[in-house]
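Bear in mind that the values in this text are calculations on the coordinates, not laboratory data. Just so we're clear, the structure is a prediction, and the values are computed from it rather than from any experiment. Every residue, glycine among them, receives a Cβ derived from its backbone with ideal geometry; neighbour counts consider all protein chains shown.
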Amino acid sequence: MTVTWMGCGSATSSGSTSRKLTPGSTSEEEEHRALIAQRKLRRMLSNRESARRSRLRKQKHMQDLTAQVGRLRKENGQILVALDATAQLYAGVEAENTVLRAQAEELSARLKSLNEIAYCYLVEMEGGSSMVANEVGIHGGCYCPAIL
């Protein structure tokens, strides 16, 4: 059946009969228009509320992002300060290490010199023999004017 509402278009039902609304059925037409208007109004209000919630979510998201930017900038500043302090500490340790290496080389050279003097002394005490020096474990040649 096909039902035609006056001024509202047509709707098809399961039957094949067609009928026109009569002037006596204006209350049905008004009810139908009221129902459509009510649905439209509900949909409009629902859309407004949905848009409002969406704006609030967006605003909260922006606030969260702004707060996160602030936290990250603060953390970045702290990391830069720590990095600078670490770099200064590293430079100090590196300088100290250079001094210690130079001191180690100097002490090594002194030890070598003292070993040579001890060797010469032992050789001189033995009357030119290097047997005592070999027993003690001192090796190497020396320039000792007292022995020559």
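Observations
- Cβ-based net charge around Gln88, under 15 Å, with every Lys or Arg adding one and every Asp or Glu removing one: -3
- Förster-model FRET efficiency, 35 Å R0, Gln103 and Gln78, C-beta, rounded to 0.05: 0.40
- Positive contributions from Lys and Arg (+1) and negative ones from Asp and Glu (-1), summed over other residues with Cβ under 13 Å from the Cβ of Asp64, come out at +4.
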